[in-house]
Each structure stands twice: as structure tokens, then as C-alpha cells.
Amino acid sequence: MPPDNADPAIFVAHGLTKVYRMGEVEVHALRGIDLTLNRGELVVLLGPSGSGKSTLLNILGGLDAPTGGEVRYLDHMLTGASEAELTRFRREHVGFVFQFYNLIPSLTARENVAAVTEIAAAPMRPEDALGLVGLGNRLDHFPAQLSGGEQQRVAIARAVAKNPAVLLCDEPTGALDSATGVVVLEVLEKVNRELGTLTVLITHNAGIADMADRVIRLSDGMIADIHANPAKKAARELAW
Amino acid sequence: MKTLDRKLLRDLWHLRGQVLAIAAVIMGGVATMVMSLSTYDSLVTTRDRFYGEYRFAEVFATLKRAPETLTERLAALPGVEHLETRVRAGVKLEVAGFSDPITGLLLSLPDVGEAQLNRLHLKRGRTVQAWSTDEVVLSDTFADAHGFQPGDTLSAIINGRRKTLTVVGVAVSPEYVYQIAPGSMFPDFKRYGVLWMGRHALAAAYDMEGAFNQLSLTLARDAHEQDVIDRVDAVLADYGGTGAYGRENQFSNRFLSEELKQLKTMATIFSAIFLGVAAFLLNVVLSRLIALQRDQIAILKAFGYGYLAIGAHFVKLVLLMAVLGVAAGVALGGWFGQGLSNVYTETTFRFPYLDYRIDLRVILIALAVSCLAAVSGTLYSVVRAARLPPAEGMRPEMPATYRTTLVERIGLQRWFATPTRMILRHIGRRPLKSLLTVLGIACACGLMMVGNYQKGAIDFMVDVQFRQASREDLALTFIEPTSGRALHELAALPGVDFVEGFRDVPAILRFGHHHYRSAVFGIQPQGQLHRSLDHRLQPVALQPGGVVLTDHLATNILHVKPGDMLTVEVLEGSRPVRQVPVLGITKQYLGVSAYMQQDSLNALMREGSTVTGAYLALQPGAEAALYARLHERPRVLGMVANAAAIQSFYATIGEFILFYTLVSTLLAGAIGFGVVYNSARIALSERGRELASLRVLGFSRGEIAYILLGELALLTLVAIPVGFLVGVGLVGILVVAFQSELYRLPLILTPENYAMGASVVIVSALLSGLLLWRRLGRLDLVAVLKTRE
Ligand SMILES: Nc1ncnc2c1ncn2[C@@H]1O[C@H](COP(=O)(O)OP(=O)(O)OP(=O)(O)O)[C@@H](O)[C@H]1O
Ligand SMILES: [Mg+2]
């Protein structure tokens, strides 16, 4: 758990750039991002396709290294960290939710969560985490026996079960219809509210931005705009 | 280039590690086949050409003595095309600086002109001059073994008289492609030699002037061999003929044929086993590889490609791999085949040249089998994948109806952490696939055991033959049947511990329409040196009044069982024909024999105590002095030292088999690695996404490696005992297929065989594990999040 004192900043990024070199062609996915993300916030990342949202999220989550600039997580420098340090960072502090769920097909819902809690320091019980996403009665079902929305909720349970300081979600509703999407968003909202987890949520859907504390817009690898959203709505009230 | 073809090349490049491993599997199978069959084909072609060009005779006869005037009568017999007579003499040879006994065979060459039959191929020097008295041509094996060059001399004891001979040439003869001293079992180039000498000179030394004691002939067109043999026998009956015989009973040719038959069996069986296993593995590996492409197949189908186009695409992919493997296999097999043929002609058979060739048919069979295995494995998977509606195909292979495994259902799951449970579930989810993987690895293990089996078997055979059955230090033969009293003189010689006499009688054994030309051996009933063994390899006492036959001779050649009456047609003296009961069966791995008590055999021959040779046990260190004394005795013709026999066995047949073993072990190793590596790589492809997801969730490389490699390790461990069974089965096939007059392989697997089988699998698994470990370090974590599979 992050310390409760003065500095609310969890992630601080300075001048982040990411260049993909493919032979002669260079793709500038990020062109200098300065950003601070604070404890307990729910931040929505918006932007057109290819604007660099996933790239940024992956760098924050320690899945990818920037070409230039630096990122700090609390007092850990992520840029320049070794593979083993990044693995530990992910294991101890980050929960991921992906567009395609990425559940392990050979494990039941309970076991998918347990796979993560077994290696975490102070996790919830897998049953509690699944209860939190409303799947307390589907504990022993395999992914193939669950709908897409249910699978995504298992993925969220898996992400939150280790009580991470950060929850990073890349288009968690991308593969779902709006009603199911709302259910998933409600879960994220609840986790953010009840556990105080910094939640970063990528979406293409401007409507979803209404549930955020802050909305960040990316465009062509740069931050086009950051604004706070004082009129924060509950997920239930969203529609798209 | 069509887009699909570009995909093909890119896939090949992307899969290059696996492509090479698959090619290695095919290569191993094809190389074994090409090596074995090309060696066989080459030797047969070479033999036929040699026999033809040097006019190898078709019927042979030896006799005591007949006047040269008889030649015309014999040559005029119906069915005879060309006939030549010769003088042949068994001699003892002395080579300066070599103290072991050497047996020699001196054959006459015409004094004028060249022989028309059984002509010599001169490798060095010249042939003997007309009317020369001391010039000889040596067989090349003997000359090479002692380093003789034209101009060197050696001595021969002919009829008890020492004669100095001058070497003028070194030659190869179609009659002596395979040279074995009478009474020994293997070629020994140092201790046995064939020599050719002018007829006049030899006849003078051997008291055969104006006479001959050997003849060979070729058959006229349409002549029936047996008729000619009968006519020749009728003429020679009054001259001590011991029965004319055709090529099939000519010593060198008979051994050569047996060896070639053996080689053919070995070539066929090994090829079938290796290629069969390689084809099976290819089929399994490719069907799994293609199954991985099911999403691509679904997408192609969704685009509107038909079955045929999709099938053709993947068939092209695997055919490229198969052709690559076959090409490598043919090249490597050809190289090994040439080496093997050379080992053969250097250690066992002497030909003036070697026509090495790879039959196109062999290559075509290899290509056909490999391609068939590859294509069928591929099409199976393609059809399976293409049958699905595209929408379903694009989803990850489902319905992943994972079930809790049996272990878990009986409540053991709390002993397993999640990763272990993932291993068990993954195996349990596709039991057939896991089974095939286990079978594939087991086959590799079994192949290794087969490739490696013969060495232990040979050691075992040598042990049984020379340390349990024939335990004498020295076997010697007399110039002619001799009174048993001669044994007392031998026993009195210094350095001789113990003597056992034997009587051997050349004979045709007949039962029903089966017959076999060999000899009956009269040995001592409670022999200490030469013993007959029962099926448990325990020495058994011979009973009086009947014969005991080697199991192979009784069961597979004569088809007799104990209690039957065997007809023995004796081929010497008055050539009596007798009925003798079969008393029992004896176990023997090398050669075949018929044994009787010496007394019973003497009685059968209506003779008093008579021996033709003796087995001797010597005091250590006394050999050299004793050899010298025996050498001086005119009645002692040949001597075979046991230690030398073992040595020469290892130097000839042994060397060939060890070469074969080494090569097939290497190829089995290549196949083994190919299979294990492929199984591991395919497992990685199947589970890469899952593993990368786990990495994203914070699992370390070691933890995901445990999941992947743990499965490989588990399957490998299960496969090893299964592999042992496969190995025993394959060796069993080999043993049954390999029975011949020359030898029968014992079903003996040594701990080393098992160890080799297990280690090829374990080493391959470790190596594959290492390669996978490196790959796990390069898993693209971001990519798996962007795609849905
Ligand atoms: N592995 C890669 N190699 C080359 N270019 C890449 C790679 N990954 C991403 N890019 C490029 O980087 C840019 C940013 O990609 P990113 O995935 O961050 O976009 P995004 O904002 O998440 O888009 P979307 O909303 O479509 O998911 C894109 O132009 C993309 O083409
Ligand atoms: Mg994205």
C-alpha cells in the first residue's frame, strides 16, 4: 500500500517518447508526454486510434520501455529498471485489464484469480474478489463456460484481487455491448471508490469519460488536453 | 509472387528452427535407409560384375587324386561348358617375425597361358612365370596383413617339406572374396592366406605330378546344375571325390551370400524401422504444427479460399520441409553408405573394385514415404480446421472443456500449486495429443536402443561362443583322420594342459526335402573344452547314439525335432548313408553345427577311435614355443588360436557392425532431438499467449518456464519407460528377422542400451528446454494484448 502522507502523485512522467523503428520508417508513437497521476483518481484516456494510448499505458504498467524521458512510480524509477524489477513491480503493484480478457483457459474463474493471489503479498481471497464483480456463484466455471462480459469481470477480479495500487484498463468494454459494458464499468467504479485504487481507463467512447475524475486526450502521440470533470457521473447513468 | 506463396516463405523462415528439426527427423530416417540399401545394392552389383568378368565357376569338386587324362572325359560330360582341373594343397606357412600358426591354401595356375575360370585380378606385381618353381601370387588380404610386396619371400611346409616361396604378385579372386580357414568361424587375414603357384611346381612339391585333386566348371546353356553334379560325382567316385557342389555351397560364395542376405535384412529392417518411425513422427509433428494455424485457415476460408487452395498451400509448406529432409538424408546416407561399403570391403570381402551406387528406386521410396507421411499429417489437420465454420475457427481452439483432472477429483489438488494444476489440466485436456507426444518421444528412445543394441549383443555372443562353448585355447586339425593315440603325444608336449580330440566328418544332413551340407562333429560327451549348451546356456552332456543340432539348424533349416530320424550322407571314404536319431537341440549364436559323441560317430563310420583334430588348453606363456613344435609336426595341418579368433572377429564383422551402430546411433540421436525439440516448440506456440499473459500479470520467467517445461519434463519422463518397451519390441523384431546360418542375435539389452535410450531423450529435452528458456525471455508481452489470438 502506498503511504498515506503528503505527495498524492503515484506516477510522474517527464518527456516520454516512444519511437518504433521499422527499417527506414520511424513511427513516433509518443512525442513527449508529461503527466502526473494521483492516488485514488479515476482517469480516462481518450484519443483517436493510433494516438498512443496503449503505448502509454503499457509503459506505465512496466510492459514496455520508453525511447526517451522517464517515469517514476512513487519512489521507484521505472525507466532503466531491469526485467526482474519490472516483473516485481507488476506483480506487487499493478492490476491489468485487457480488451481481450487474456484469461487462462485451463483455469477456472477462481483459479484464474488465485493464480495471481498466490504470488501477491497481501491479496484478497479469490472468492471475495469474484464476489466483488458479482460472480460469487460462478467460481468453478472455466472461461469457455462464461460469456464475454463475465470473462471480463473475472479479469477485473483477477486484477484487483491482489489489492494493487494501480489498475490499468485498456478498452475493457471494447468487446462488450453497452449494457454489459455498464456492468463492467460499475465494477471498476466500485473498486476505485471502495479500495481507492488509481484507475486508468482507455476508451474510444467519449460517453465513458463522464465517469472520470480527469480526462486526458491524446492526439498523435502528444497530450492534446487534460481537464478535470467536476460533474462526475455514476457508471449506471452512462449511455452510449 | 502470389501473396499466399510469400506467406509460405515467411512461415518457413519464421519456423526455421522447427523446419530444421523436422528435416533432421526425415534426414535420420532417409539416411539410414539410403546408407543400408545402397551398401547392399553396391555390394551385389560389384559381386555380380566381378563374378562375370573373372569367370567365377559354377560347379566345384575336390577329390583325392585323379590322373590328368581323366580331364577330357569330365569335360565331355553333357552340360559342361568349360572345365579346368587344379592341384590344391593345404599348407602351413611361416612368415619371418610372426610366430602364430598360419594356415595356407596353395592353388595351381596353368603353366602355360591363363586360367579360363576363377581368374585372378592382379592388384600388384605380375603372375607367375611359366615353369617357375618358387614363384607365388598372394591373396591381397594376406599380403596386406603382413605387408608383403613383390620380391619378398616366405616359407611353406608342403607335405612336411619346407619350401621357400618368392612373392611376385598380389591378387583378388572371385573364388576367395571371403576367406576363412577351415575350422574357424571368422576371417583372419594374418593367420590364413590363399596362394597361387605354377602347376608344375606345386604338383612336384605335393606329389601330384600328372594328376589333379580339384576341378571347377561352368555350365552349358540349359544345363541343369544337379544333373551335372551327379554326372561328375559318378566319374569321381573311383577317385575319392567328396561330392561336387554348386555355387550355393562354394565356401566363399556361400558366406558372401549369407552376409549379403544378412545385410539385406539389416538394411530392410533398419530402413523400415527408422523411416517408419521418422514418418510417424513427421506426421504427428506436422499435424500439430498445422493445427496451430487453424485461425489462419479460418481466415483464409472466410476470404473465400476453397479447401483445395488452402490444402495446397499447407501441403506446399510441408513438402518443402520433407524435400529438404530427404535431400539431406540422401546426401548423408550416400556419404555413410560409401564409408560402410569401404569398411565392408576392407574388413570382410575383397573385391578388386567397388561399384558404389545409390539406386534411384531407394531415393524414390524415401521421397514417397516422407511426402506421404507429411502430406497426410497436414491434410488431416487442414481438413479438421477447415471443416469448422470460419467464425468458430477464428476463436481459440475450444470448446476448451477443461475438466478437473482425476488427481484433483480424488482430492489431491491441495498438494498442487496453480502452475502444476495448469500442467496437469493441459495434458488432460488433450489426452490423445499428449499420448502422441509421449509415443513420439518414446519412439526416439526406442530407436536409440536399436541403433545401439548390437554392440552388447556381439559381446554377449562372443562370450557364449568363446568362453562357454568353445573354451579351448587352440584348435588344431590333422592332415587326415588319425588314430586317437595321437592325442597322447599332444598331451605330452610341454605347455599343453589338457587335450580333447574331435572327429569331424563332412556330410549332407537330410530330413524330408530339407537338407544342409556341412559336417558332423564328434566331440567328448563330458567335454571340458568344447561343450554343447542347452537353451539356458548351461553345458549339457552328450548322449550316445545320436546327434544334437544347433537350434537354428534343427528348427529353421532341417525342420526336425528331437526324436526324428535324420539321414546323414557322409562325404568322405566310402560315403555311407546312415539314419541317426536327433537327441536334442543346442543353443548356439554363431554358426550352426551337428554334434555327436566321438565314439558314436566313430561307430557310425565303422572305424576305431579316430580323430581329425584336437582342442587344446595351454599353459599361459607357453604358446610361442608350442606353436613352433606343432609346426614341425607333419600331421598337423592347421591351427586356430581362440584369442586370435576373437580378435579377428572384432576386427572384421565387429568393425562393420560398430560402424553401423555408430552411424545409426547418430541418426537416432538426430531423430530424437528433432522430435523432442518440435514437441517443445509446438507447446510453446500453443501456449505462448497464455504464458505472455501470465508474464504481464507479474509471473517471472522462471514461473512460466515451469509451466511450459514442466509439461515437457513430465511427458518426457513418462515417455522413457514407454520408450524402453518400444526399444525391446524393435530389438525383438530385429532378432527374429536376423536369424541366419552365420549368426543369430540374442535378445540382450544391456543397461547401457537403456541408458543410451534414456539419455538421448533427456539430453534432447534439456537442450530444447534451454532453447525454450531463451525464447521465453523474448516473449512479446505487448503483442499478446493487442490481438485476440
Ligand atoms: N510494435 C509496433 N511496431 C511499430 N509500430 C507500432 C507498434 N506498436 C504500436 N505502433 C504504432 O504506434 C502508434 C501508437 O500505437 P498505440 O497502440 O499506442 O495506439 P492506440 O492509441 O492504442 O490505438 P488504438 O485506439 O487503435 O488501440 C501507432 O501508430 C502504431 O502503429
Ligand atoms: Mg490501443
Review point. Within segment B:479-486, can one find any residue that is under 20 Å from B:I523 (Cβ atoms) and part of a helix (DSSP H, G or I)?
Key: yes
**Study point:** Residue among B:Q250, B:Q226 that is closer than 20 Å to B:S108 by Cα and under 35 Å from the mean Cα position of the chain (by Cα)
**Key:** B:Q250
Exercise for review: Check B:R744, B:R775, B:R695 and return the single one that is within 14 Å of chain A (Cβ to nearest Cβ) and not β-branched (V, I, T).
Suggested key: B:R695
Point to revise | Within segment A:104-149, considering residues that are at the interface with another protein chain (Cβ under 8 Å from one of its Cβ atoms) and in contact with a Pro (Cβ under 6 Å, 6 or more places away or on another chain), the one nearest to B:G688 (Cα to Cα) | key: A:P105
**Study point:** Listing of strands (runs of 3 or more DSSP E) fully contained in segment B:113-162 that carry 1 or more residues being exposed (fewer than 14 other Cβ atoms within 10 Å of the Cβ) and modelled with pLDDT under 95
**Key:** B:153-158
Point to revise | Positions within segment A:69-88 being within 17 Å of A:V166 (Cα to Cα) and more than 16 Å from ligand 1 (Cβ to nearest atom), in sequence order | key: A:R72, A:Y73, A:L74, A:D75, A:H76, A:M77, A:L78, A:E85, A:L86, A:T87, A:R88
Exercise for review: Check off (1) within 16 Å of ligand 1 (Cβ to nearest atom); (2) outside any loop (DSSP other than H, G, I, E, B) for A:P66 and give me the number that stays unchecked.
Suggested key: (2)
Exercise for review: Run down B:V168, B:V235, B:V194 and say which single residue is farther than 25 Å from B:R47 by Cβ and assigned to a strand (DSSP E or B).
Suggested key: B:V168
Check your understanding: How many residues are without any contact (Cβ under 8 Å) to a residue 24 or more places away in the chain and touching a helix residue (DSSP H, G or I) at 6+ places or on another chain (Cβ under 8 Å) when one looks only at segment B:563-578?
Key -> 0
Check your understanding: Being acidic (D, E), touching a Ser or Thr at 6+ places or on another chain (Cβ under 7 Å) and farther than 24 Å from A:N192 by Cβ, is that true of even one residue in segment A:107-118?
Key -> yes
Point to revise | Residue in segment B:58-104 that is surrounded by the fewest Cβ atoms within 10 Å (Cβ to Cβ), counting only those that are among the β-branched types (V, I, T) and outside any strand (DSSP E or B) | key: B:T69
Check your understanding: Can you tell me which of B:L476, B:L509, B:L424, B:L490 is modelled with pLDDT under 85 and outside the structural domain of B:L63 (by TED's automatic domain parsing)?
Key -> B:L424
Review point. Only one of B:A66, B:A76, B:A23 is assigned by TED's automatic domain parsing to the domain that holds B:L256 and over 30 Å from B:A475 (Cβ atoms); which?
Key: B:A23
Review point. Any chance segment B:742-765 includes a residue that's within 30 Å of A:H93 (Cα to Cα), part of a helix (DSSP H, G or I) and not assigned by TED's automatic domain parsing to the domain that holds B:L20?
Key: no
Point to revise | Every residue from segment A:165-216 that is touching a helix residue (DSSP H, G or I) at 6+ places or on another chain (Cβ under 8 Å), within 25 Å of B:G698 (Cα to Cα) and within 15 Å of ligand 1 (Cβ to nearest atom) | key: A:L168, A:C169, A:D170, A:P172, A:T173, A:A175, A:V200, A:L201, A:I202, A:T203
Practice item. Give segment A:48-63 a look and list any residue that's assigned to a loop (DSSP other than H, G, I, E, B), within 12 Å of ligand 2 (Cβ to nearest atom) and either within 11 Å of chain B (Cβ to nearest Cβ) or crowded, with 17+ Cβ neighbours inside 10 Å (or both), or say none. Key: A:S51, A:G52
Review point. At pLDDT below 85, part of a loop (DSSP other than H, G, I, E, B) and either within 13 Å of chain A (Cβ to nearest Cβ) or over 27 Å from the mean Cα position of the chain (by Cα) (or both) - does that describe any residue in segment B:684-692?
Key: no
Review point. Quick one: which of A:R91, A:R39, A:R31, A:R21 is surrounded by 16 or more Cβ atoms within 10 Å (Cβ to Cβ) and within 16 Å of ligand 1 (Cβ to nearest atom)?
Key: A:R31
Exercise for review: Test A:V44 against the criterion of being farther than 27 Å from A:L185 by Cα, away from chain B (no Cβ under 14 Å) and either within 16 Å of ligand 2 (Cβ to nearest atom) or modelled with pLDDT under 95 (or both), and give yes or no.
Suggested key: no
**Study point:** Any hit, segment A:178-192, residues being away from ligand 2 (no atom under 16 Å from the Cβ), outside any helix (DSSP H, G or I) and either within 14 Å of chain B (Cβ to nearest Cβ) or free of Cβ contacts under 8 Å to residues at least 60 places away in the same chain (or both)
**Key:** no
Review point. Do you know which residues across segment A:90-103 are at pLDDT 85 or above and more than 8 Å from every other protein chain (Cβ to nearest Cβ)?
Key: A:H93, A:G95, A:V97
Review point. For segment B:699-708, does any single residue satisfy the condition of being crowded, with 21+ Cβ neighbours inside 10 Å, free of Cβ contacts under 8 Å to residues at least 12 places away in the same chain and either more than 16 Å from ligand 1 (Cβ to nearest atom) or within 11 Å of chain A (Cβ to nearest Cβ) (or both)?
Key: yes
Exercise for review: State all residues of segment A:207-233 that are in a helix (DSSP H, G or I) and away from ligand 2 (no atom under 16 Å from the Cβ); if no residue qualifies, say none.
Suggested key: A:G207, A:A209, A:D210, A:M211
Practice item. Would you tally the residues in segment A:194-234 being of a type in the set (V, I, T) and more than 13 Å from A:L42 (Cβ to Cβ)? Key: 2
Point to revise | segment B:553-577, subset assigned to a strand (DSSP E or B) and surrounded by fewer than 15 Cβ atoms within 10 Å (Cβ to Cβ), residue farthest from the chain's Cα centre (by Cα) | key: B:V577
Revision key, fill the gap. B:V548 meets each of (1) more than 18 Å from B:M605 (Cα to Cα); (2) of a type outside the set (S, T, N, Q); (3) at pLDDT 90 or above with one exception, condition (1)
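The values are calculated or read from the model by the stated rules, or taken from the named source; none is laboratory data. Since the structure is predicted, the reported quantities are computational estimates derived from the model, not experimental observations. Here the Cβ is made from the backbone with ideal geometry for all residues, glycine too, and neighbour counts use every protein chain on show.
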